[in-house]
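The values are calculated or read from the model by the stated rules, or taken from the named source; none is laboratory data. Remember, predicted model here, so these are calculated numbers, not experimental data. Backbone-built Cβ (ideal geometry, glycine too); neighbour counts: all protein chains shown.
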Amino acid sequence: MAEKKVVWIVGASSGIGEALARKFAKPGYKLALSARRRERLQEMAEVLECETFCFRFDLESDDPAEAFANVKESFGRLDTVMIVAGLSQRSAFLDMSAEVFDRIMRLNFSAQVDLVRAVLPEMVKNGGGQFVVINSLQGHIALPERSAYSASKHASLAFFDSLRLEYKDRGVKVLNVCPAYVNTDFSLRALSGKGEEQTSKDKKHSSGVSPDFVANQISKALNSGEIEIFPGRFKDVIGIYLQRFLPKKLFQRLLSLR
Ligand SMILES: NC(=O)c1ccc[n+]([C@@H]2O[C@H](COP(=O)([O-])OP(=O)(O)OC[C@H]3O[C@@H](n4cnc5c(N)ncnc54)[C@H](OP(=O)(O)O)[C@@H]3O)[C@@H](O)[C@H]2O)c1
């Protein structure tokens with residue numbers, strides 16, 4: 001019998017990560033679920049119909065090599081890493097402390113690089129593996145009052161595009177997922193320039209697609225070998241195509257009318 005696939009979801013305790021856990025909790029899979037709220041992961045795992053291993057891992061500050069060792073100790077292998085954890089902002093650049101800017105860059109970009117550094121050598125040694133990275137439309141389109149968020153998502157997208165090209169011949173695959181608005185609590189946790197959580201939900205998020213829709217799109221994309229997808233409502237996702245075909249000056253004028 002074929003060995004079960006091990007999927008590690010980094011940031012699985014709510015929103016898109018939780019929907020991915022529900023989607024991949026099926027025969028043939030074992031799930032390693034990590035986030036800072038371990039109790040929440042444990043509650044989720046009770047109703048998932050597959051073998052799970054839940055552990056606390058703060059992507060911003062904990063050691064990814066130790067976290068990876070935990071996954072291997074529990075399941076003996078790792079096939080897919082889904083990097084979901086992320087943090088946004090609601091602040092103009094000059095109103096933002098350097099600490100808050102760096103925190104967003106750390107979680108959304110350089111901590112991902114550290115995680116890849118920890119897991120990639122073994123993936124290559126074992127003949128390959130799959131990264132699924134939850135990026136954003138803002139990995140392509142920078143918005144005002146999101147200088148750190150947009151920059152971190154652009155950096156992550158470029159890093160994983162490069163990684164895909166470098167390691168494709170060694171069986172390493174990368175799916176970049178660039179959602180438009182998704183109805184999760186993500187905007188509640190967005191940081192002000194001083195580092196306080198926003199605590200209210202943006203209307204655009206409330207009317208966005210569901211996290212289950214995003215998880216379904218990811219599952220389909222993995223089956224068909226896609227390298228990048230844009231889950232979201234047409235009126236939001238169309239920005240990607242407008243950006244591609246309009247002169248940048250005109251596109252930025254449209255953005256400032258939003
Ligand atoms: N919602 C949207 O409209 C939208 C649109 C485009 C892209 N995205 C991207 O989607 C991703 C997931 O967001 P979401 O909408 O699902 O929001 P969410 O419900 O707030 O989920 C964020 C997840 O990341 C985890 N997390 C946060 N900080 C962490 C840290 N330091 N270490 C480990 N885990 C951490 C959270 O768990 P703990 O708090 O338990 O650690 C939670 O499980 C983000 O990367 C975001 O940029 C979201």
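So which of Phe101, Phe68, Phe55, Phe75 ends up being modelled with pLDDT of 95 or more and over 25 Å from Glu3 (Cα atoms)? Spell out the reasoning first.
Working: Phe68 fails: over 25 Å from Glu3 (Cα atoms); Phe55 fails: over 25 Å from Glu3 (Cα atoms); Phe75 fails: over 25 Å from Glu3 (Cα atoms).
Every option except Phe101 fails the conditions.
Test Ile134 against the stated conditions and say whether it is modelled with pLDDT of 95 or more, β-branched (Val, Ile, Thr) and touching a Ser or Thr at 6+ places or on another chain (Cβ under 6 Å). Write out each step before concluding.
Working: modelled with pLDDT of 95 or more: yes; β-branched (Val, Ile, Thr): yes; touching a Ser or Thr at 6+ places or on another chain (Cβ under 6 Å): no.
So Ile134 fails the test.
Okay, residues lined up against (1) among the basic types (Lys, Arg); (2) surrounded by 23 or more Cβ atoms within 10 Å (Cβ to Cβ):
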residue: Trp8; (1), (2): no, yes
residue: Ser14; (1), (2): no, no
residue: Ala21; (1), (2): no, yes
residue: Ser34; (1), (2): no, yes
residue: Arg37; (1), (2): yes, no
residue: Arg40; (1), (2): yes, no
residue: Leu48; (1), (2): no, no
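Looking at segment 39-89 only, could you name the residues that are farther than 24 Å from Ile218 by Cβ, near the ligand (Cβ under 10 Å from one of its atoms) and in a helix (DSSP H, G or I)?
Once the filter is applied, which keeps residues that are farther than 24 Å from Ile218 by Cβ, near the ligand (Cβ under 10 Å from one of its atoms) and in a helix (DSSP H, G or I), segment 39-89 yields only Glu39.
Mind listing whichever residues of segment 194-236 are assigned to a loop (DSSP other than H, G, I, E, B), within 11 Å of the ligand (Cβ to nearest atom) and loosely packed, with under 13 Cβ neighbours inside 10 Å?
Hit for segment 194-236 is Ser207, nothing else.
Before we move on, is Met96 farther than 20 Å from Ala180 by Cα, buried (at least 21 other Cβ atoms within 10 Å of the Cβ) and without any contact (Cβ under 8 Å) to a residue 60 or more places away in the chain?
For Met96, the condition - farther than 20 Å from Ala180 by Cα, buried (at least 21 other Cβ atoms within 10 Å of the Cβ) and without any contact (Cβ under 8 Å) to a residue 60 or more places away in the chain - is not met.
Here are Leu191, Leu137: which of them is buried (at least 22 other Cβ atoms within 10 Å of the Cβ), of a type in the set (A, V, I, L, M) and within 16 Å of the ligand (Cβ to nearest atom)?
Leu191
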